[in-house]
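Structure incoming, see below.
The values are calculated or read from the model by the stated rules, or taken from the named source; none is laboratory data. All values derive from a computational prediction rather than experimental measurement. Here the Cβ is made from the backbone with ideal geometry for all residues, glycine too, and neighbour counts use every protein chain on show.
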Amino acid sequence: MPANGHTGAFELLKRSLGTLALFSLLAGCASHDIDPRGYDQTGTASYYGSRHHGKRTASGEPFNQHGLTAAHRSLPFGTRVRVTNMSNQRSVVVRINDRGPHTRGRLIDLSRAAAEKIGMLRSGTARVRVQGLSD
């Protein structure tokens with residue numbers, strides 16, 4: 001025991017700092033979903049297809065390259081968004097069911113079917129506008 005008799009206070013401080021560190025870690029792992037109402041962003045879209053077909057998405061459902069779905073970093077699963085290709089004005093409504101894109105500088109990853117609807121299969125990427133839809 002230290003000569004000054006502050007063992008109890010020191011132990012309490014250690015426990016408090018440990019608890020604070022644990023909560024900070026858990027908060028960092030929490031989902032940072034955003035409110036889709038009024039969501040309107042412009043950026044680069046890419047798509048993913050056959051290589052991921054049938055694999056589990058972050059939402060738990062299997063990825064279907066033929067479905068109209070997409071991956072977004074923070075929009076809640078189930079959110080419907082309109083994605084418009086800025087070069088040809090073609091648009092598609094997709095449902096967010098995965099997390100991504102995992103490539104820096106990308107806004108959204110579309111399924112192959114969604115990419116085909118807006119005419120971006122050949123280029124692989126497109127400048128798009130993503131707008132949240134209210135149900």
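For the stretch 96-130, give me each residue that is among the charged types (D, E, K, R) and either crowded, with 19+ Cβ neighbours inside 10 Å or more than 13 Å from the chain's Cα centre (by Cα) (or both). Walk me through how you get there before you give the answer.
Keep residues of the stretch 96-130 that are among the charged types (D, E, K, R), which gives 98-99, 104, 106, 109, 112, 116-117, 122, 127, 129.
Those that are among the charged types (D, E, K, R) and either crowded, with 19+ Cβ neighbours inside 10 Å or more than 13 Å from the chain's Cα centre (by Cα) (or both): 98, 109, 112, 116, 117, 122, 127, 129.
Report, ordered by the first and then the second residue, all pairs with beta carbons closer than 7 Å, sequence separation of six or more or different chains, a first member in the stretch 80-97 that is farther than 22 Å from residue 63 by Cα, and a second member that is modelled with pLDDT of 95 or more and assigned to a loop (DSSP other than H, G, I, E, B).
Between residues of the stretch 80-97 that are farther than 22 Å from residue 63 by Cα and residues that are modelled with pLDDT of 95 or more and assigned to a loop (DSSP other than H, G, I, E, B), the close pairs are 85/118; 85/119; 85/120; 88/119; 90/118; 90/119.
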